[in-house]
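Q: Here it is, the structure, as structure tokens.
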Amino acid sequence: MDSYLLTLITFVPIVGMTIVLLIKGDNLIKVVSAIFSGIPLALAIRLLRLYDSSTAEFQFVESHSWIPSFNIQYLMGVDGLGVTMVLLTTLLSFLSIFASWGIDRGVKGYFALFLLLQTGMTGVFCALDFILFYVFWEVMLLPMYFLIGVWGGPRREYAAIKFFLYTLFGSVFMLLAILALYFVSDPNTFNMIELMGDKGYGYLFRTLVWWAFFIGFAIKVPVFPFHTWLPDAHVEAPTAISVILAGVLLKMGVYGMLRINYALLPQATAEAAYFVALLGMINIIYGALCAMAQKDLKKLVAYSSVSHMGFCLLGMASFTEPGINGAVLQMFTHGIITGMLFLIVGVIYDRAHHRDIDGFGGLGVQMPIYAGITSLAFFASLGLPGLAGFWAEALVFIGAFNVYRWITIASTAGIVLGAAYLLWTLQRVFLGPLNEKYRTLPEINARELFTLVPLGAIVIVVGIYPKWVIDLFQVSMAGILSYLPVGQ
Amino acid sequence: MQSIGNFESLRYFIPELILSGAILIVLITDLIARGKARGLVTGLTVASLAAATVYAVKLYGVGSALLFTDMIAIDPFAVYFKLLFYVATALVVMVAFISPDTRKVDLGEFAALMLTVALGMSLMASAVDLLMMVIGLEMVSIASYVLAGFLKGNRRSSEAALKYVIYGAASSGVMIYGMSILFGLTGSTNIFGIAEGLAQQEPYRLATLVAIGFILAGIGYKISIVPFHFWTPDVYEGAPIPVTAFLSVGPKAAGFAMMVRVFYSGLSQAGSDGRWLPVAGLDWPSLLAAFAAATMTFGNLAAIPQNNLKRLLAYSTIAHAGYMLMGFVVLSNTGVLAVLFYLGVYLIMNLGAFFVVIAMAKQARGEDISHYRGLVWRSPFLAVAMAAFLFSLIGLPPSAGFIGKLYLFAAVIREKYYWLAVVGVLNSVVSLYYYARILKAMFFDAAETEGRLPVPAAARVLIVVLLVPTVGLGLWWSPLWDLASRSLAFIAP
């Protein structure tokens, strides 16, 4: 079984989808979905235990010929980066199933699409053949479009098509870049492993191909100025889908940059590194400023993601071990923390039916447990030492400081701004006199706690002992770094 | 090259002979039954097409030869197209049996006309002589005019037919004039003779280019290349839906087949490595590349504001002609192969989309996008099927349409037409916008009328028949790909 572990993790949800389509009864569908989302999580934990983190080699590699005439393979495999992302994906997907328990319209469609989405996401992190990668990348779009468009908020149609158009716009250029790489390689191949390293492409070719990939991934991250789909999609999507969007989908952009731009086109990456760092800084500051201006709690969380993803870019662009490890750690911790934040927003929205930050007040008295968990997530998000968010940002700064001095210094403003908008929000929602309207607001319930507690635990554990996660991908990231030209 | 005498040729002409016989039998049966035997007529038509298909497949083993004193070629290339034509014709005749549009009409005449078009298309795909090409093209055109105006007494249908006739006559005239110039320059109507003639002498560049442009106008009209596309939306909207579905795939494919014969076999020379060189250094590929870019861009942009689904799909077929033209202009076997593959895929997914419109038209009494609101709650089957066909038309994996586009773009990138590839992918993004309008209506909007929408079992079966390959070929496309690869061999001088 272990040699097919990645295939199982990826495709068990599809099996679940088929079953969901065949059975009747809303509750049964939800239970079946939970089971078929739980199995991949259990398998991912097994993967984690079997994974040998002392080598940068791809592991659990499965290779089968798919379409021989075009040299397309079914090639799956993970390195430390992949394992971390698979773990994050399976965990957040499983918890999101429970966050979706309140769905009451079109239950069958919702959970079928959700399971399809999970397969697409997992596949992206496991695929090592370009066509396979692209198929998974696009397969994810379809369920996402419907999940936002059918089950979303008031402006769901606009948000759904905007998300779809932006992402497709990015990915079609990626397709051209994939084909261009295929035709210059000799023998022609879509195998990413074979294409890794500096192949001595000409300046124009490598620059064009690099940008074609970068724009595709930058839209997903999202990097300023391609970020405008994000607030719409995140705000209109149902809670669980926001969690997936922010927790997993954004990571695909950074994952793609590391896996493809960095490993396959190192020379062009070195040439564009300064620009990437600059974009990272803009993301950090611009995202934080936007977040501060928001009145809608969900929109605030959405913009805080823009800000936090900027740290990934800055760390990556430094080409140093701490910087790049910080970037990957940020992918993981941001996934966990922002997942918590969106779940938290969902809890209050289900009760008060609005998300206006100024419309609450004094909820700390009425919902003490909820206030406690929110504080934990907020403090983790603003980078309090001892919680998960701190280490990633610290590593990024350590790595980037010597390379891009003034950019790094400017970026620290993001931390200050982050503290400002998060604490200010905390104060307006939970402190002060209790808003009389909400005297009867019920406390957070067991199901909601079940989705939040595991994430909270991870935030604390990683905060105390970050080495546990860093060890997973450290060697692999050093491997990717070794492709890059030294001394840039 | 083997040239087979007239009488001997009949052995290799069996599919066409079957169709000719079937036309007569269907007409006579219909006359005897006085238009009452709808089922029998449909059955006879489908059976004859099946028989023709079987005999056509046998021709794969024969290899390549010229028939009837070098008028017609039998080669795997022609056989592939015949298979496409017969499958499409059979599917459309079957759907016409249940379509509300053609419920009241005389199916015998309808089927006979469809068979005539099928016969004409077979000739178009295999003709290697300009005269034979004109005969094939006219056979297809004239029968198509009648089919477009088949709803007697329906003003839109009659208008569509009239427009079709006028455009068709004008463009055929221009094409024949262009052919006469080629004949004047080379002294031959045979495409190999023309290739030889153009290669031997110092070419009259202007005259040759004018001739090429005129011929392009005739063929371009059949496959709706911008700027020869004007008839398309009106005719597609006015004609009965089964006819629209048929026109959007059959004659279009036949036009491409003829175009490959004229432009590859006639106006190019085989170079090395599966690439082709334009004869006498005439730069017609650049001209066609511009047409390809214009066709897909115009088709997609014009589709955006359409509210009538038939019109929208009409513009979408124009855009798809543009995509396929990309594979054609790169002048390589990979490009032609990509076009062959795409034609097969396009036939499946486009007919699928039209079949859903037919299944809907029965209930909705119209083809407006607004009639599709909330379809997913009324008939999940139709909504999901339509979504699959539309995703395939957009070119999203895992669907056959994605693979088709993948090969087209691969051919374009391989020959380093980067700008054309960029125009192509941007067009895919634009196309998402208007296809998504249908998706939005079906899935996001609330239904105007409540209650389940009944879908006849026959329509369900036909849609499933197309749905399975639309998704299946997206995951495992070797069968169609291998067939197309086998069919690449077309006779070169």
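Q: Quick one: how many residues across segment A:22-55 are farther than 12 Å from A:F111 by Cα, assigned to a helix (DSSP H, G or I) and of a type in the set (G, A, S)?
A: So the count comes out to 3.
Q: Only one of (1) over 20 Å from the mean Cα position of the chain (by Cα); (2) away from chain A (no Cβ under 13 Å); (3) in contact (Cβ under 8 Å) with a residue 40 or more places away in the chain fails for B:S487. Which number is that?
A: (1)
Q: Return the residue satisfying two criteria in turn: it lies in segment B:425-455 and is closer than 18 Å to B:E367 by Cα and outside any helix (DSSP H, G or I), and of such residues it is farthest from the other protein chains (Cβ to nearest Cβ).
A: Taking the candidates together, the pick is B:P454.
Q: Give me a count of the residues in segment B:398-409 that are surrounded by 24 or more Cβ atoms within 10 Å (Cβ to Cβ) and either in contact with a strand residue (DSSP E or B) (Cβ under 8 Å, 6 or more places away or on another chain) or at the interface with chain A (Cβ under 7 Å from one of its Cβ atoms) (or both).
A: The qualifying residues number 1.
Q: Hey, among A:F190, A:F169, which residue is modelled with pLDDT of 90 or more, more than 20 Å from the chain's Cα centre (by Cα) and under 25 Å from B:K416 (Cα atoms)?
A: Only one candidate passes the filter, namely A:F190.
Q: Still on this model: Give me the pairs: first residue in segment A:355-382 and touching a residue at least 24 places away in the same chain (Cβ under 8 Å), second residue buried (at least 22 other Cβ atoms within 10 Å of the Cβ) and basic (K, R), beta-carbon distance under 8 Å, and six or more apart or on different chains, which are they?
A: A:R355/A:K298
Q: Any chance segment A:78-92 includes a residue that's closer than 25 Å to A:N325 by Cα, surrounded by fewer than 22 Cβ atoms within 10 Å (Cβ to Cβ) and small (G, A, S)?
A: no
Q: Any idea which of A:P13, A:P68 is in contact (Cβ under 8 Å) with a residue 60 or more places away in the chain and either surrounded by 14 or more Cβ atoms within 10 Å (Cβ to Cβ) or touching a Ser or Thr at 6+ places or on another chain (Cβ under 8 Å) (or both)?
A: A:P13
Q: So in segment B:38-55, with the set limited to residues that are aliphatic (A, V, I, L, M) and surrounded by fewer than 17 Cβ atoms within 10 Å (Cβ to Cβ), which one is farthest from B:A489 (Cα to Cα)?
A: Going through the qualifying residues, I end up with B:L40.
Q: Do you know which residues across segment B:344-384 are within 14 Å of another protein chain (Cβ to nearest Cβ), of a type outside the set (V, I, T) and assigned to a helix (DSSP H, G or I)?
A: B:L375, B:W377, B:R378, B:P380, B:F381, B:A383
Q: Go through segment B:197-224 and count every residue that is farther than 18 Å from B:G322 by Cα and not polar (S, T, N, Q).
A: Selection size over segment B:197-224: 14.
Q: Then there's this: Sort out which residues of segment A:398-410 are surrounded by fewer than 22 Cβ atoms within 10 Å (Cβ to Cβ) and touching a residue at least 40 places away in the same chain (Cβ under 8 Å), and write them in order of number.
A: Once the filter is applied, which keeps residues that are surrounded by fewer than 22 Cβ atoms within 10 Å (Cβ to Cβ) and touching a residue at least 40 places away in the same chain (Cβ under 8 Å), segment A:398-410 yields A:I398, A:N402, A:V403, A:I407, A:A410.
Q: Can I ask one more? Suppose we keep only residues that are buried (at least 24 other Cβ atoms within 10 Å of the Cβ) and among the polar types (S, T, N, Q) within segment B:220-267. Which one would you say is farthest from B:L113 (Cα to Cα)?
A: B:S224
Q: If we only count helices (runs of 4 or more DSSP H) wholly inside segment A:402-488, which ones have 3 or more residues that are of a type in the set (A, V, I, L, M, F, W, C) and closer than 30 Å to A:L50 by Cα?
A: A:446-464, A:467-483
Q: Something else about it: Checking A:A237 against (1) crowded, with 20+ Cβ neighbours inside 10 Å; (2) within 26 Å of B:L408 (Cα to Cα); (3) within 14 Å of chain B (Cβ to nearest Cβ), which single condition isn't satisfied?
A: The number of the failed condition is (2).
Q: Given the condition of a type in the set (G, A, S), surrounded by 24 or more Cβ atoms within 10 Å (Cβ to Cβ) and not in a helix (DSSP H, G or I), answer yes or no: does some residue in segment A:281-299 qualify?
A: No, segment A:281-299 contains no residue that is of a type in the set (G, A, S), surrounded by 24 or more Cβ atoms within 10 Å (Cβ to Cβ) and not in a helix (DSSP H, G or I).
Q: When only residues in segment B:247-278 that are in contact with a helix residue (DSSP H, G or I) (Cβ under 7 Å, 6 or more places away or on another chain) and in a loop (DSSP other than H, G, I, E, B) count, which is modelled with the highest pLDDT?
A: My answer is B:L267.
Q: Take B:S392 and decide whether it is modelled with pLDDT under 90 and among the polar types (S, T, N, Q).
A: No; evaluated as a whole, the condition is false for this residue.
Q: If I ask for residues that are assigned to a helix (DSSP H, G or I) and more than 7 Å from chain A (Cβ to nearest Cβ), which ones from segment B:410-419 would you list?
A: Matches in segment B:410-419: B:A411, B:V412, B:Y418, B:W419.
Q: Could you say which residue among A:A293, A:A302, A:A327, A:A288 is without any contact (Cβ under 8 Å) to a residue 12 or more places away in the chain, farther than 19 Å from A:Y370 by Cβ and among the aliphatic types (A, V, I, L, M)?
A: A:A293
Q: To continue, here is another question. Listed residues B:V461, B:V465, B:V422; which is at pLDDT 90 or above and within 13 Å of another protein chain (Cβ to nearest Cβ)?
A: B:V422 is the lone residue from the list that is at pLDDT 90 or above and within 13 Å of another protein chain (Cβ to nearest Cβ).
Q: Given the residues A:I19, A:I9, which is the only one that is under 24 Å from the mean Cα position of the chain (by Cα) and part of a helix (DSSP H, G or I)?
A: A:I9
Q: Quickly run through segment B:460-493 and pick out the residues that are within 23 Å of B:A353 (Cβ to Cβ) and either of a type in the set (V, I, T) or touching a Lys or Arg at 6+ places or on another chain (Cβ under 8 Å) (or both).
A: Within segment B:460-493, B:V461, B:I463, B:V464, B:V465, B:V468, B:T470, B:V471 meet the criteria.
Q: Of everything in segment A:358-386, what is under 18 Å from A:A446 (Cα atoms) and either part of a loop (DSSP other than H, G, I, E, B) or touching a Ser or Thr at 6+ places or on another chain (Cβ under 7 Å) (or both)? Give them in sequence order.
A: Answer for segment A:358-386, where residues must be under 18 Å from A:A446 (Cα atoms) and either part of a loop (DSSP other than H, G, I, E, B) or touching a Ser or Thr at 6+ places or on another chain (Cβ under 7 Å) (or both): just A:M367.
Q: Any chance you could count how many residues in segment A:200-219 are out of contact with any helix residue (DSSP H, G or I) (no Cβ under 9 Å at 6 or more places or on another chain) and within 12 Å of chain B (Cβ to nearest Cβ)?
A: Of the residues in segment A:200-219, 1 are out of contact with any helix residue (DSSP H, G or I) (no Cβ under 9 Å at 6 or more places or on another chain) and within 12 Å of chain B (Cβ to nearest Cβ).
Q: Tell me which residues, restricted to segment A:134-172, are under 16 Å from A:G253 (Cβ atoms), of a type in the set (F, W, Y) and surrounded by fewer than 24 Cβ atoms within 10 Å (Cβ to Cβ).
A: Of everything in segment A:134-172, those that are under 16 Å from A:G253 (Cβ atoms), of a type in the set (F, W, Y) and surrounded by fewer than 24 Cβ atoms within 10 Å (Cβ to Cβ) turn out to be A:Y134, A:F136, A:Y166, A:F169.
The values are calculated or read from the model by the stated rules, or taken from the named source; none is laboratory data. On a predicted model such as this, the values are computed, not experimentally measured, just so you know. Counting neighbours? That spans all protein chains shown, and the Cβs are built from the backbone with ideal geometry, glycine included.
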